[in-house]
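Everything below concerns the one structure shown next.
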Amino acid sequence: MNETASLRARAEIDLAALRANVRELRARAAGAQLMAVVKSDAYGHGAVPCARAALEAGATWLGTATPQEALALRAAGLGGRVMCWLWTPGGPWREAIEADIDVSVSGMWALREVVAAATEAGMPARVQLKADTGLGRNGCQPADWPELVAAARAAEAAGTLRITGLWSHFACADEPGHPSIAAQLTAFRDMVAYAEKAGVDPEVRHMANSPATLTLPEAHFDLVRTGIAMYGISPSPELGAPADFGLRPVMTLAASIALVKRVPAGHGISYGHHYTTTAETTLGLVPVGYADGIPRHASGRAPVLVGGVTRRIAGRVAMDQFVVDLGGDEVGVGSEAVLFGPGDRGEPTAEDWARAADTIAYEIVTRIGTRVPRVHLNAAPAES
């Protein structure tokens, strides 16, 4: 029996698949370094094990959103280059500087705080300047870029920081041919050229996320930042399935059937009785719900593999459980219900769930909650 069979639910994380994905992405961006983005607990896959596996497969950078995520990687003993980019006033600048973490700066308030923290720490900060080339979120607007660059260069001349990178982020790289792509590339090249003319000599210039890594070689520059693709999920189904890019989904989400029972025709199922049995049938109780990250929007629609047959959720997803109608099939208590995985055993994929919930596969894997243990498989890389 599988040693995880007794678990209520588990998310199995295939680190061999993750390593293979990283190697494939590196090959597609030959000549550029690769940053493995492990924000949000590695998109729900477990940040530290996934970061280690990515480094083993040749990633040279790790990327996180928050400084707390970056500091946790250092606390776990992970070395190499680490970058974080989502800062708020009063953040742990000094801790990040002392941990040799690259910090992103998008405006003057952040530059002032990082300079003050570097002065307190008595060591220069590693700073990457982010340009807003058209996404409209974080990043410095072109009109404000000269002021930010000048101030950062002055701080660099004073020895309080080192400008290690210039970077930006695409808005529509998952839509090849979208006019914003060319416009953003032009804006980024212009802003990089301005900074370099002002004396900035960055270690890396980077703009490519997962879709740009796969489809825009002109955007690879010195470094690509791969997030969702590293976990074997296509950044856009319109571009192709994971296998079309040589990728394999890393997460399989499964649970153990908690109850099997016969019910008569006309029996309502779950809150609101949005599903009513049409004949005498067998029901199976799957003990996960929206508290575990199962989207309530998928009620009545999402597929689940039980007993070798794909079923649909019967009725509403509740906080801790949902029901599948097993028909006349004999399924025992403790049998496996596979919500999603790579798909090669006939199980649904995260993309199938995304369609059922009217969302994207990113959200499906990232939202799986902490009540679901991550079981990391193939933790040791295969010997070559």
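The values are calculated or read from the model by the stated rules, or taken from the named source; none is laboratory data. Worth saying up front: this structure is predicted, and the values here are computed from it rather than measured. Heads up, the Cβs are rebuilt from the backbone with ideal geometry, glycines too, and the neighbour counts pull from every protein chain shown. For accessibility, only protein heavy atoms count, side chains too; no ligands or nucleic acids. Shrake-Rupley method; radii C 1.70, N 1.55, O 1.52, S 1.80 Å.
Using 1/(1 + (r/R0)^6) with R0 = 51 angstrom and r between the beta carbons of Glu203 and Arg371, what's the FRET efficiency to the nearest 0.05?
0.80
Of all the accessible heavy-atom surface of the range 129-270, with the other protein chains kept in place and a 1.4 Å probe, what percent is carbon and sulfur?
54
Enumerate by residue number the trypsin sites (Lys or Arg not before Pro) in the range 307-369 meeting two conditions: DSSP loop (anything except H, G, I, E, B), and at most 10 other Cβ atoms within 10 Å of the site's Cβ. Each step should come with its number before you reach the end.
Details: sites: Arg311, Arg312, Arg316, Arg345, Arg355, Arg367; in loops: Arg316, Arg345, Arg367.
Listed in order of number, the matching sites are Arg345.
Using the Kirkwood radius built from alpha carbon pairs, what does the Stokes-Einstein equation give as D for the range 259-330 at 4 °C and 1.567 mPa s, in µm² per second?
The Stokes-Einstein estimate is 108 µm²/s.
Given 37 °C and 0.692 mPa s, how large is the Stokes-Einstein diffusion coefficient of the range 187-273 in µm²/s, with Rh as the Kirkwood radius over Cα pairs?
For these conditions, the coefficient is 188 µm²/s.
What's the magnitude of the charge dipole for the range 273-353 around its Cα centre, counting Lys and Arg as +1 and Asp and Glu as -1 at the beta-carbon? Answer in Debye, nearest 20.
On the way: 6 positive and 11 negative charges, 61 e Å.
Once rounded to the nearest 20, the dipole reads 300 debye.
Explain nothing, just the number: dipole magnitude of the chain about its Cα centre with +1 on each Lys and Arg Cβ and -1 on each Asp and Glu Cβ, in debye rounded to the nearest 20.
Its charge dipole is roughly 380 debye.
When the accessible area of the range 12-70 is computed with all protein chains present and a 1.4 Å probe, what percentage of it is carbon and sulfur?
Carbon-and-sulfur percentage of accessible area, whole number: 48.
Could you please tell me the mean projected area of the C-alpha convex hull for the range 79-177, averaged over all directions and given in square nanometres to one decimal? Show your work: numbers first, answer last.
Values: hull surface 28.1 nm².
With every direction weighted equally, the projected area is 7.0 nm².
Quote the Stokes-Einstein diffusion coefficient, in whole µm² s⁻¹, for the range 319-371, based on the Kirkwood radius over alpha carbon pairs, a temperature of 4 °C and a viscosity of 1.567 mPa s.
Diffusion coefficient, whole number: 100 µm²/s.
Give the cross-link partners of Lys130 among the lysines, using a straight C-alpha distance below 20 Å as the criterion and excluding same-chain residues fewer than 8 apart.
Qualifying lysines at Cα under 20 Å: Lys39, Lys197.
From the convex hull of the Cα coordinates of the chain, what is the mean projected area in square nanometres?
20.7
Test of the criteria: in the range 108-143, which trypsin sites (Lys or Arg not before Pro) are in a DSSP loop and have at most 14 other Cβ atoms within 10 angstrom of their Cβ?
When the trypsin sites (Lys or Arg not before Pro) of the range 108-143 are filtered for loop state and at most 14 Cβ neighbours within 10 Å, Arg137 remain.
Using the heavy atoms of the protein chains and a 1.4 angstrom probe, tell me the accessible area per residue for the range 253-384 in square angstrom.
Per-residue accessible area for the range 253-384 comes out at 48 Å².
Using mean Cβ contacts within 10 Å as the protection proxy, how do 321-331, 58-68 order, highest first?
Highest-to-lowest ranking by the protection proxy: 58-68, 321-331.
Would you mind working out the accessible area per residue for the range 85-179, using a 1.4 Å probe, and quoting it in Å²?
With the other protein chains kept in place, the range 85-179 gives 42 Å² per residue.
Based on the mean of other Cβ atoms within 10 Å per residue, sort peptides 245-256, 150-161 so the most packed one is first.
245-256, 150-161
Tell me, what is the FRET efficiency for Glu336 and Ala382 to the nearest 0.05, using R0 = 41 angstrom and their Cβ-Cβ distance as r?
Calculated transfer efficiency: 0.95.
On average, how much accessible surface per residue is there in the range 206-249, in Å², for a 1.4 Å probe, leaving out ligands, DNA and RNA?
Value for the range 206-249: 28 Å² per residue.
Dividing the Cα radius of gyration by the Kirkwood radius, what Rg/Rh value follows for the range 209-326?
1.16
Rounded, prolate or oblate: which one fits the range 1-73, using the alpha carbon gyration tensor with axes a ≥ b ≥ c (rounded when a/c is under 1.5, else prolate when a/b beats b/c, else oblate)?
It comes out oblate by the Cα gyration axes.
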